[in-house]
Each structure stands twice: as structure tokens, then as C-alpha cells.
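Remarks on the structure that follows.
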Amino acid sequence: MTTKPASEFKKGQMSETNKVGRPILPKKEKRGKFVSTRLSPPEYDEITRAIRESGDAKTEWVRKKLIAAARRA
């Protein structure tokens with residue numbers, strides 16, 4: 001099997017033989033903004049417990065809660 005030289009691939013495109021890693025998302029699906037906050041140990045424990053009970057990933061749980069709070073405001 002022959003592969004193209006690296007110069008023939010577009011930026012961000014993986015070679016035919018190296019298909020490991022996360023797939024490239026379309027621009028409208030990319031998430032590039034960050035929100036950061038500091039929590040006290042009891043606050044962190046409470047939030048961590050709620051995340052664990054929900055079964056969601058931490059980022060997904062936080063995203064859902066922030067968006068819901070923003071829509072209620």
C-alpha cells in the first residue's frame with residue numbers, strides 16, 4: 001500500500017495509515033471557549049457528588065447546568 005507524502009494532505013487531515021485520535025469536528029460543532037471558577041472543598045465535594053450521581057461526564061454536566069441557569073436568568 002502506498003501513502004501520499006505529508007505535503008499532499010490538507011491541514012488537520014490525517015494520513016490514510018495513521019487513523020488514531022479524535023476525529024476533526026465541523027466548525028459549527030467545535031467548542032473553544034472556557035469558563036473557570038474556584039470552589040471551596042465542600043462546594044467541590046457537593047458538585048462532584050451530583051456529577052457522579054448523574055452519570056454524566058464532568059464537562060457535560062457542568063455545560064448542561066450552566067446553560068439551564070443562563071436560560072432561567
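The values are calculated or read from the model by the stated rules, or taken from the named source; none is laboratory data. The model shown is predicted, which means the values in this text are computed figures rather than measured ones. We place every Cβ from the backbone using ideal geometry, glycine too, and count neighbours over all the protein chains shown.
Being basic (Lys, Arg) and either modelled with pLDDT of 95 or more or in a helix (DSSP H, G or I) (or both) holds for only one residue in 22, 52, and it is 52. Among the residues examined, residue 64 qualifies as part of a helix (DSSP H, G or I) and touching an Asp or Glu at 6+ places or on another chain (Cβ under 8 Å). Whenever a residue of the stretch 47-72 is without any contact (Cβ under 8 Å) to a residue 40 or more places away in the chain, its partners that are part of a helix (DSSP H, G or I) and of a type in the set (A, V, I, L, M), lying with C-beta atoms within less than 6 angstrom and at least six residues away or across chains, give the pairs 58/51; 61/51. Within the stretch 25-49, if we keep just the residues that are at pLDDT below 85 and closer than 16 Å to residue 59 by Cα, the residue that is nearest to the chain's Cα centre (by Cα) turns out to be 31.
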